[in-house]
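Read the structure below first, then the notes.
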Amino acid sequence: MKESLDMLQGGSGASGQDHGLRQGLVSEEAEFTREPLSADGPRRPGVLVISHGSPDGHWVKLVDEAVAAVKAGLPGGLPVEASFLEIVDGRLIQDGIDRLELEGVTDMIVIPLFMSSGSTHVDEIAYALGVKDTPEKETDLEHFRLSARVFFGEPVDDHPLVAQMIWDKVKPLSREPEREALLLVGHGSRHDGFRQRWEQGISSLAARVKDISGLAVTDFALLNPDSVHKKVTYWQERGYEVAIAPLFLSAGYFTKKEIPSRLEGLTYRYSGEALLPHPLLPHWMLDQILHIMRSMKL
């Protein structure tokens, strides 16, 4: 267990500002492993991490590495699967469910590895898993075949660890924080209800980043509906130098193509770095998993 915790704390990118957050989780994990809860009792818990999926093998590899770090930090023998909503053949959500149930899992902790509770994908996955009776938006996703009880977690939204990850990624771009505006750019949604949840979560996340960074301004923009060019122009006209932080799980089409295309003709700083890789993302998942496991009646 100690080696797995050391691994989660290590790696480049994490700054000293998140030391207290990491230490709190490490203490919780250590305490948890001393408790009598077993992964091999009459009811058997398991973990299913669900993300979108990508044709980019490196995108998938980064997710797999984060999930492997989570598995290393959990009690030995507890099954963990990483599955994808689409694209990654042989590793779709039903494939992950089937593998966990073949290992005897009766209580399935599902971590939706998406950036916002405003994602329509989170809504349709919850519906297809039987967590909710009807989806808020029409979906082609049918109910999955499963027998296990489902304990559905939370997407990223505005977790303090995520704010620290974002600042760790963009801090090298900062030269004069008192003259800089950081713009968090997320996917967003055009659908009522979902758009508002996107805005609420990313706005709160931007405020958290401001609290830990010392930047003069932190704000957000969405690709859907598009407000990126407008927001950059707004802050530049007020004399700020603008840096862009993509709020995406892993680098891919949106970070490499879509965001830069919305910024044509503007002056800005942009590393293109998504959340992964970062050692705090496994901690964020572990935090949820351990909390849910404590609430279970096994």
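The values are calculated or read from the model by the stated rules, or taken from the named source; none is laboratory data. Model, not experiment: these values are computed from the prediction. With ideal geometry, Cβ positions are generated from the backbone for all residues, glycine too; neighbour counts draw on all protein chains shown.
Annotations for the structure displayed:
- Scanning region 245-276 for residues that are under 19 Å from the mean Cα position of the chain (by Cα) and in a strand (DSSP E or B) gives Ala245, Pro246.
- For region 181-223, a residue qualifies if it is closer than 22 Å to Gly252 by Cα, aromatic (Phe, Trp, Tyr) and in contact with a helix residue (DSSP H, G or I) (Cβ under 9 Å, 6 or more places away or on another chain), and exactly one does: Phe220.
- Residue identified as surrounded by fewer than 20 Cβ atoms within 10 Å (Cβ to Cβ) and assigned by TED's automatic domain parsing to the domain that holds Gly57 among His291, His283: His291
- A search for C-beta distances below 8 Å between a residue of region 46-70 that is without any contact (Cβ under 8 Å) to a residue 24 or more places away in the chain and any residue that is of a type in the set (Gly, Ala, Ser) and surrounded by 22 or more Cβ atoms within 10 Å (Cβ to Cβ), counting only pairs 6+ apart in sequence or on different chains, returns Asp64/Ala82.
- Restricted to region 120-151, and to residues there that are buried (at least 19 other Cβ atoms within 10 Å of the Cβ) and under 16 Å from Met296 (Cβ atoms), the residue that is farthest from the chain's Cα centre (by Cα) is Ala148.
- Take the conditions (1) in contact (Cβ under 8 Å) with a residue 40 or more places away in the chain; (2) touching an Asp or Glu at 6+ places or on another chain (Cβ under 6 Å); Ala216 misses just one of them, which is (1).
- Only listed residue being in a loop (DSSP other than H, G, I, E, B), outside the structural domain of Pro135 (by TED's automatic domain parsing) and basic (Lys, Arg), chosen from Arg208, Arg190: Arg190
- Test result for Lys169, crowded, with 17+ Cβ neighbours inside 10 Å, among the basic types (Lys, Arg) and in contact (Cβ under 8 Å) with a residue 60 or more places away in the chain: yes
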